[in-house]
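Working notes, beginning with the structure itself.
The values are calculated or read from the model by the stated rules, or taken from the named source; none is laboratory data. Remember, predicted model here, so these are calculated numbers, not experimental data. In this analysis, Cβ positions are derived from the backbone assuming ideal geometry, glycine residues included, and neighbour counts consider all displayed protein chains. Side chains are part of the model used for accessible areas, which takes the heavy atoms of the whole protein and leaves out ligands, DNA and RNA. Shrake-Rupley method; radii C 1.70, N 1.55, O 1.52, S 1.80 Å.
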Amino acid sequence: MLFHSIRGVPAIDPEKCMGCGACASKCPTDSLTLHRTRDSILLELNVARCIRCAYCAEACPNNAITIEDKYTVIGRSREELAIRVIVPLARCDSCGEPLRHSAREVELAREKVPDLNVIKLCDKCKVKRVLAR
Amino acid sequence: MQTQEAKLGTVPEILYINSGSCNGCDIELLAAFVELQETGLKFNVNVEARKPRYDILVITGPVTAQSFCRISRMLREAGGRLEVEYAVLLGSCACGGGIWYDSYATLGGFDSFLNYLRRVEEAELTIRKEKIYITGCPVRPRDVAETLREILEKIYG
């Protein structure tokens with residue numbers, strides 16, 4: 001149990017995280033880093049470097065990062081102190097290639113703008129559709 | 001505790017190095033030492049390496065360039081080769097460089113310091129058993145005291 005004025009370690013909810021990278025850009029020590037692979041986004045939290053400033057929780061647009069009630073983390077290696085979250089990328093509706101945005105980002109955009117139906121197309125398919133008109 | 005000391009022959013030696021920390025972790029370490037004294041486990045704390053072997057190395061700070069010169073000089077004066085059984089890294093700075101992980105004036109934590117020391121081959125610092133990372137900015141005295149107590153109990157057997 002911590003005092004309310006003491007901030008603890010951030011915890012990332014893998015169900016809510018959409019891989020936008022707002023936390024990684026706010027982190028003063030770069031302990032949160034975003035890596036892009038071909039079909040997913042990897043968000044890595046290096047607890048060994050984290051200074052418990054809670055800027056990541058402030059920046060998160062989807063409230064995926066919460067501050068835990070735990071302050072100290074003791075580990076025997078740096079791999080033990082790393083937390084990894086993998087966010088899958090959205091796939092193109094016509095060809096199945098991974099897009100630049102994550103699936104949850106596309107879902108959120110669809111909720112906000114319901115009549116935007118070309119959002120889940122890759123660049124090549126967009127060009128094809130425009131040329132076919 | 002007297003019998004345990006007699007069995008061991010010596011008192012466990014702690015080598016404490018401040019490698020340019022802001023003194024936050026150092027103050028918490030003092031509080032942890034006070035808490036450790038209540039357990040009755042005896043230990044000696046050295047701030048300077050005079051022997052080639054110590055039981056526990058406690059290090060705070062991100063290893064600044066200035067402190068690197070001093071630590072390597074200390075290691076050279078201790079014979080160029082230092083062996084520790086356990087290394088306890090206190091705070092985010094020692095564990096991963098903290099907020100100064102890519103600063104021009106620091107080496108970025110104890111692990112990069114060990115790599116650097118190996119590369120320049122000025123002196124040798126070997127950890128025989130375990131390296132323990134205690135994160136936090138600063139660390140909490142109770143966690144430090146509990147970790148040190150566990151290690152001391154292992155040494156006493």
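Just subtract the alpha-carbon distance of B:R76 and B:E38 from 0.36 nm times their residue separation and send over the number in nm, one decimal.
Between B:R76 and B:E38, full extension yields 10.1 nm more.
Please figure out what share of the DSSP beta bridges in the range B:2-156 is antiparallel and state it in percent, rounded to the nearest 5.
Looking only at bridges with both residues in the range B:2-156, the antiparallel portion is about 5 percent.
Express in whole angstrom the spacing between the alpha-carbon centres of the range A:1-53 and the range B:61-129.
Value for the Cα centre distance between the two parts: 27 Å.
I'd like the residues of the range B:55-100 whose 1.4 Å-probe accessible area shrinks by no less than 50 Å² going from the isolated chain to the full set of protein chains.
Buried on complex formation: B:I99.
All other residues with a Cβ under 12 Å from the Cβ of A:D39 taken together, and with Lys, Arg as +1 and Asp, Glu as -1, what is their net charge?
For residues surrounding A:D39, the net value is +3.
Hand me the trypsin sites (Lys or Arg not before Pro) from the range B:4-77 located in a DSSP loop with no more than 13 other Cβ atoms within 10 Å, in residue order please.
B:R50
Given 5 Å bins starting at zero, what is the percent of C-alpha pairs of chain A in each, up to the one with the largest pair distance?
2, 10, 17, 19, 16, 12, 8, 7, 5, 3, 1, 1, 0
Add +1 for every Lys or Arg and -1 for every Asp or Glu among the other residues with Cβ under 12 Å from the Cβ of A:D123, and state the total.
+4
If you take the beta carbon distance between B:Y104 and A:E111 as r and set R0 to 30 Å, what does 1/(1 + (r/R0)^6) give as a FRET efficiency, to the nearest 0.05?
0.05
What's the buried accessible area, both sides, between B and A using a 1.4 Å probe, rounded to 100 Å²?
Buried area (both sides, nearest 100 Å²): 1700 Å².
Kindly identify residues of the range A:35-51 having a loss of at least 20 Å² in accessible area between the isolated chain and the assembly of all protein chains, probe radius 1.4 Å.
A:A48, A:R49, A:I51
If the elastic network links every pair of Cα atoms under 10 Å, which of B:G97, B:G79, B:G61 fluctuates the most in the Gaussian network model of chain B?
Per the Cα network of chain B with a 10 Å cutoff, B:G79 tops the list.
So what does the Cα-only Debye profile of the range A:90-132 read at q = 0.14, 0.21, 0.28, 0.34 Å⁻¹, as log10 I(q)/I(0), no solvent term?
-0.30, -0.66, -1.00, -1.17
In 10 Å bins starting at 0, how do the alpha-carbon pair distances of chain B split up by percent?
11, 42, 35, 11, 1, 0
Restricting to lysine pairs 8 or more places apart or on different chains, what number in the range B:2-156 have Cα atoms under 16 Å apart?
Value for the range B:2-156: 5.
Could you give the angle, 0 to 90 degrees to the nearest 10, between helix A:123-132's Cα long axis and the longest principal axis of the Cα atoms of chain A?
Once rounded, one gets 20 degrees.
For B:Y101, what charge total do you get from the other residues with a beta carbon under 9 Å from its beta carbon, if Lys and Arg give +1 and Asp and Glu give -1?
Charge balance near B:Y101 sits at -1.
Suppose only helical runs count, i.e. DSSP H with n ≥ 4. What mean residue ellipticity at 222 nm does that imply for chain A under -39500 (n - 2.57) per run, divided by all residues and rounded to the nearest 500 deg cm²/dmol?
-6000 deg cm²/dmol
In whole percent, and with a 1.4 Å probe on the protein chains, what portion of the accessible area of chain B is carbon and sulfur?
Answer for chain B: carbon and sulfur cover 48 percent of the accessible area.
May I ask you to give the solvent-accessible area per residue for the protein assembly as shown, in square angstrom, as obtained with a 1.4 angstrom probe?
Roughly 54 Å² per residue, with all protein chains present.
Can you report the principal axis dimensions of the protein assembly as shown using only the alpha carbons, biggest first, rounded to whole angstrom?
Computed over the protein assembly as shown, the largest-to-smallest principal extents equal 89, 44, 31 Å.
Rounded to the nearest 5, what % of DSSP beta bridges with both residues in the protein assembly as shown are antiparallel?
45
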